[in-house]
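Everything on this sheet refers to the single structure shown next.
All of the numbers you see were taken from the coordinates with simple rules; none came from a lab. Quick caveat: nothing in here was measured; it's all calculated off a predicted structure. A quick note on method: Cβ atoms are made from the backbone with ideal geometry, for glycine too, and the neighbour counts reach across all protein chains shown.
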Amino acid sequence: MSSRFTKWSSIIYGALIYSFLYLPILILILFSFNKSKLNAVWTGFTFEWYAKLWSNTEVLEAAKITIIVAIVSTIASTILGTLVSVGMYKYHFKGKSLLDGMLYIPLVMSEIVMGISLLAFFSMVKMPLGIWTLIISHITFCIPYVVVVVRARLKGFDRSVEEAAMDLGASEWQTFRLITLPIIGPAIVASALLSFTISLDDVIVSFFVAGPGSTTLPLQIFSMVRYGVTPEINALSTLMLLVTLGAVIVGERLLMRKNG
């Protein structure tokens with residue numbers, strides 16, 4: 001009796017947790033196909049709102065900017081974050097602990113503070129706000145996430161494997177390319193996916209550093225929401241969800257193919 005009660009309690013508890021997490025997302029997707037402009041009443045199934053999105057030039061331009069910023073910032077932050085992680089792991093120098101601690105500050109810093117500080121920096125160096133300020137800002141707050149993920153993988157790294165490769169005649173570059181990189185590869189892919197998702201969804205920092213003509217998709221959605229949530233916004237959010245899930249699935253397939 002006690003074991004059955006524990007089993008059903010666990011099932012109910014798990015169902016409640018997953019419902020709390022995913023039910024709002026399922027409702028959003030469902031109402032993106034609603035004929036009515038009001039999300040309170042279901043009146044029928046339609047693809048009308050998706051068709052309107054494809055004819056909305058502002059949304060398409062915002063999506064283009066968002067994808068460009070996300071891809072460029074993900075590539076740059078992944079490369080820089082990986083190099084920082086490997087360098088901090090391998091080498092010891094004066095002030096390393098201080099630098100190590102400073103890498104984690106953006107993770108705990110308020111996004112509003114980061115956005116204001118980046119805006120002040122760009123104003124100080126007289127850099128006009130636009131797509132490049134967006135890219136630089138996204139790289140700035142994505143690097144710490146890459147460092148955290150890659151360094152977590154490096155903590156369980158057996159350095160004797162590298163030493164054995166170098167003893168057999170491999171150069172430092174060959175050792176890094178053929179030994180170190182494949183071992184930390186899953187962490188690099190995971191950090192890249194995380195950076196891509198964070199960049200894709202960012203609102204607060206982008207709000208401060210985006211200039212005229214460089215509105216991202218989250219900012220576009222935010223401006224549309226202020227006039228009321230319509231099925232068009234639900235459709236746009238659904239497409240963003242599909243893009244994010246697609247990136248995760250591709251990353252998982254690459255890792256499975258690599259490990260298999």
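Full extension of the chain between ARG253 and ILE75 yields a length gain of 62.2 nm, computed as 0.36 nm times the residue separation minus the alpha carbon distance.
Report, in deg cm²/dmol and to the nearest 500, the calculated mean residue ellipticity at 222 nm for the chain, where each DSSP H run with n ≥ 4 adds -39500 (n - 2.57) and the sum is divided by the residue count. Value at 222 nm, helices only: -25000 deg cm²/dmol. The magnitude of the dipole of segment 1-138, with charges of +1 and -1 set on the Cβ of Lys/Arg and Asp/Glu and taken from the Cα centre, is near 340 debye.
For the chain, set up a Gaussian network in which alpha carbons nearer than 10 Å are linked by springs, and say which option among LEU239, LEU98, LEU200 fluctuates the most. Top of the fluctuation ranking is LEU98.
Subtracting the Cα-Cα distance of MET166 and ILE131 from their residue separation scaled by 0.36 nm leaves 8.3 nm. The relative contact order of segment 47-259 comes to 36 percent, based on Cα pairs under 8 Å that sit 6 or more residues apart. Plainly put, segment 10-66 has a radius of gyration that is 1.16 times its Kirkwood radius, both from alpha-carbon atoms, as the Rg/Rh ratio.
If you run the Gaussian network model on the chain, springs between alpha carbon atoms under 10 Å, then out of LEU38, LEU118, LEU83 the most flexible one is LEU38.
From a point 7 Å beyond the Cα of SER123 in the direction of its Cβ, which residues of segment 188-204 have a backbone N at a distance under 20 Å? Of the residues in segment 188-204, 204 have backbone N under 20 Å from the label point off SER123. Would you be so kind as to identify which of ILE233, THR140, ILE67 lies farthest towards the positive end of the dipole of segment 47-259, taking Lys and Arg as +1 and Asp and Glu as -1 on Cβ and the Cα centre as origin? Of ILE233, THR140, ILE67, it is THR140.
One Cα centroid belongs to segment 115-155, the other to segment 57-92; the line between them spans 9 Å. The packing ranking of peptides 183-193, 41-51, 25-35, highest mean first, is 183-193, 25-35, 41-51, where packing means the average number of other beta carbon atoms within 10 angstrom of each residue. Each Lys and Arg Cβ is given +1 and each Asp and Glu Cβ -1; about its Cα centre, the chain then shows a dipole of about 380 debye.
Taking the chain, how many lysine pairs are there with alpha carbons less than 17 Å apart, if each pair must be eight or more places apart or span two chains? If you can, show how the numbers build up before the last one.
Values: LYS35/LYS52; LYS37/LYS52; LYS52/LYS64; LYS90/LYS155; LYS96/LYS155.
For the chain, qualifying lysine pairs total 5.
Here the dipole of segment 134-173 is about 320 debye; that uses its Cα centre as origin and unit charges on the Cβ of Lys and Arg (positive) and Asp and Glu (negative). Shape summary: the chain maps onto an equivalent ellipsoid whose semi-axes, from the alpha-carbon gyration tensor, are 38, 28, 18 Å in decreasing order. Each of TRP54 and ALA15 was given a label point 7 Å from its Cα along the Cα-to-Cβ line. The distance between the two points is 4.0 nm.
Taking 10 °C and 1.306 mPa s as conditions, segment 53-171 diffuses translationally at an estimated 93 µm²/s according to Stokes-Einstein applied to its Kirkwood radius (Cα pairs). Look at ARG153, ARG226 and count the other Cβ atoms within 10 Å of each Cβ; fewest to most, that gives ARG226, ARG153.
Computed extension length for GLU61-SER97: 8.6 nm, one decimal, from 0.36 nm per residue of separation with the Cα-Cα distance subtracted. Of the DSSP H helices in the chain, those with a Cα length along their own long axis of 15 Å or more and a mean Kyte-Doolittle hydropathy reaching -0.5 comprise 2-31, 57-90, 111-124, 131-154, 181-201, 231-259.
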